[in-house]
Every structure is written in structure tokens, then in C-alpha cells.
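Shown next, in C-alpha cells, is the structure this report addresses.
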Amino acid sequence: MKSYIDLNSVDPNEASLKISKELQNQDLLLTKIKNKIKIHNLEPKCSRRLLAADSGFNNAYESSFTVIKSAVVDDEINVDISKNIYLFHTNNYSSDRLKRLLMQVNLYQAIAKKIHNLNENSLFLVDGTITLSVFTPTLRDSKEYRSLFGNFLEGIYLPLISDCVEKDILLLGFLKRTGSSFLSRNIGIDDIYDIYIINSVLKMSGDYISPIPMSNSSSSKLLHQNYLTFFLNLNDWNYRFELLKQQQNKYAECIKNLLFWSTRTHYGMNPIFSKADEYSRVTRREAEVMFNLVLSDLSEDQKAKLRKSAKKKTHFGFDQLVQ
């Protein structure tokens with residue numbers, strides 16, 4: 001399904017025929033897609049308490065210092081925020097990978113802290129994927145990254161998953177931008193993005209595509225975790241969600257609660273998630289002010305050493321952490 005038609009012709013009749021032919025091809029492809037997908041619909045129903053979590057980061061002073069912040073918001077709009085400052089000496093593939101993993105670590109630490117005090121019957125909406133496929137170490141990753149990932153997996157992520165299953169807390173990943181081709185590959189249609197499919201078939205609020213199984217097992221020997229993913233229309237905005245395999249029998253309940261909490265004023269999403277997104281953002285000014293506050297508590301020797309270390313930018317690491 002093309003997003004454009006090349007009209008390399010000055011002949012209006014030829015251009016018109018080209019457009020008509022392409023539109024016919026798109027209609028045929030859309031019919032083929034619809035024949036392969038079953039669309040279902042559910043009505044809103046509130047059966048669970050809703051919480052949302054998001055994270056963000058920004059750099060201060062030419063990327064030397066990074067502030068990472070996470071926010072957890074509940075349905076009474078109580079907000080819990082955690083912040084950390086990290087020092088990086090370079091800005092390259094390795095440091096970018098580490099920053100994003102640290103942001104994930106910070107996010108799940110905040111979630112774990114909240115879940116520890118939660119009762120049963122809650123739904124936790126997490127911005128982004130709840131799988132670890134994009135974070136699992138590759139041959140390009142450093143020893144520091146591999147060590148951090150292992151500690152995160154064993155010390156935070158897997159215990160959190162166990163707590164969610166034991167307490168019946170539904171952990172739901174929320175992907176706003178569905179620019180992947182996961183769905184198209186699943187139905188055997190190549191060279192088309194999922195966003196085109198779901199925007200063509202999910203027309204009414206409450207419409208959803210049957211959950212599709214997915215797995216992390218191919219991406220890491222460390223992790224063999226299974227998930228479900230489904231696509232849902234929330235008040236005329238289409239999104240993709242991820243749910244733990246152990247909680248697959250609760251996916252319909254997830255959808256009903258999401259529909260209950262959704263609004264028409266913020267891209268179909270709910271105010272609880274919007275608040276999590278708002279409070280997790282880090283501006284450049286906030287990053288620099290926060291670092292200056294930390295710096296003001298250090299001795300002159302420590303300040304000089306920290307500044308000198310930042311200016312070198314000769315190696316990669318995260319050897320300075322201030323909380």
C-alpha cells in the first residue's frame with residue numbers, strides 16, 4: 001500500500017489512469033487484509049483500579065550529564081516521581097544504549113515500588129514495550145551494559161513480573177506509535193506498516209484485533225518470556241498494547257477498562273496516562289538546574305574533578321551517579 005503515487009507524466013489522461021489503477025490495487029489489498037483479520041468489539045467497563053507510568057530523560061551541558069525521571073500516577077492523580085543524574089563521557093552508540101537501559105531501570109524501579117504497596121485488582125499502564133527485546137545485550141554492547149542488564153533482569157524485572165502475576169495486577173505495555181510491521185508479518189502480507197492496516201480496519205471505538213502471541217526467546221538466552229499483543233481503537237485513535245502471557249485470559253478485561261478510562265480530549269487516552277507523561281518529561285533547563293543543585297553540595301575539589309572529567313570525553317562509562 002503506497003503512501004504516494006509517482007506521477008512522472010505531463011499527460012493528464014495518463015496520470016488519471018495511473019491514479020485509478022493504484023487506488024484499485026489498494027482496494028484489492030485492503031480486501032485481502034480484511035479477509036485475514038477478525039475484528040471484535042467490546043463495551044467500556046470499569047473493574048480495576050488504573051495506574052500509569054512513564055519515563056523521560058534530557059541532557060545538561062553538552063550531553064555530559066543526563067537526568068532521568070520516572071513518574072507513576074494513580075486514578076486519584078497522586079503522583080510519585082523519581083530522578084537520577086548520570087555522568088557520561090561520550091555521546092555515541094554505547095552511551096545512547098546505556099541511557100535508554102538506565103531509563104528502563106529507573107522506570108521499573110518506580111513501578112516496583114508502587115506495586116509493592118498495591119492490592120489486587122489493578123491495571124498498570126506502562127509507556128512503551130514491556131518486553132526486553134530491544135534492551136537485550138548484543139555483541140556491540142559493553143561489559144558495563146551487559147552487567148547492568150543482568151542486574152536489572154534478575155533484580156527488578158523478573159521479580160516485578162512475579163509480583164504482578166501473584167497479585168493479579170495486569171501489566172500492560174502501551175505503544176502509541178505503531179510504525180512496526182509485526183501485524184503484517186503475522187497475517188502474511190509483506191511491505192506494509194501496521195499503522196495502515198489498523199487504521200483501515202479498526203473503525204469504531206472498542207474495535208480490536210484478536211491478541212497475537214509474541215516471544216522474547218529468540219532475542220536472548222537470558223530471557224524466555226512470552227507475551228500477547230493486540231491493537232485497539234480508543235475513541236477513534238488506534239494503539240498497540242502488550243500483555244504478559246501468564247495474564248492472557250484477562251485481555252478482554254484490559255480492553256474494557258481502557259475504554260472506560262479513555263477520553264476524546266487527549267488522543268483517545270486517559271488523563272491518568274496523560275499526567276504520567278506530563279510529570280516524567282525532563283526539560284533541558286530542568287536538567288541543568290538539577291545538576292547545579294547537586295554540584296552546589298560538593299566541595300571545590302570535587303567540583304573541579306567532575307568538570308574536568310566531563311570535559312575529557314575520552315572514554316565511555318557511568319562512574320558518577322548522584323541520587
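Packing order of peptides 145-155, 200-210, highest average first: 200-210, 145-155 (average count of other Cβ atoms within 10 Å over each peptide's residues). The ranking of CYS46, CYS254 by Cβ neighbour count inside 10 Å, starting from the fewest, reads CYS46, CYS254.
Order of GLU242, GLU300, GLU43 from fewest to most other C-beta atoms within 10 Å? Don't jump to the answer; show the numbers that get you there.
Numbers: GLU242 20, GLU300 7, GLU43 10.
Ranked by crowding around the Cβ, least crowded first: GLU300, GLU43, GLU242.
Each residue in ARG140, ARG281 was given a count of other beta-carbon atoms within 10 angstrom of its own, and listing them fewest first yields ARG140, ARG281.
Once you have the Cα-Cα distance between ARG146 and LYS303, take 0.36 nm times their residue separation minus that, and quote the gain in nm to one decimal. Answer, rounded to one decimal: 53.5 nm.
Bear in mind that the values in this text are calculations on the coordinates, not laboratory data. Being a predicted model, the structure only gives us computed values, none of them experimental. Every residue, glycine among them, receives a Cβ derived from its backbone with ideal geometry; neighbour counts consider all protein chains shown.
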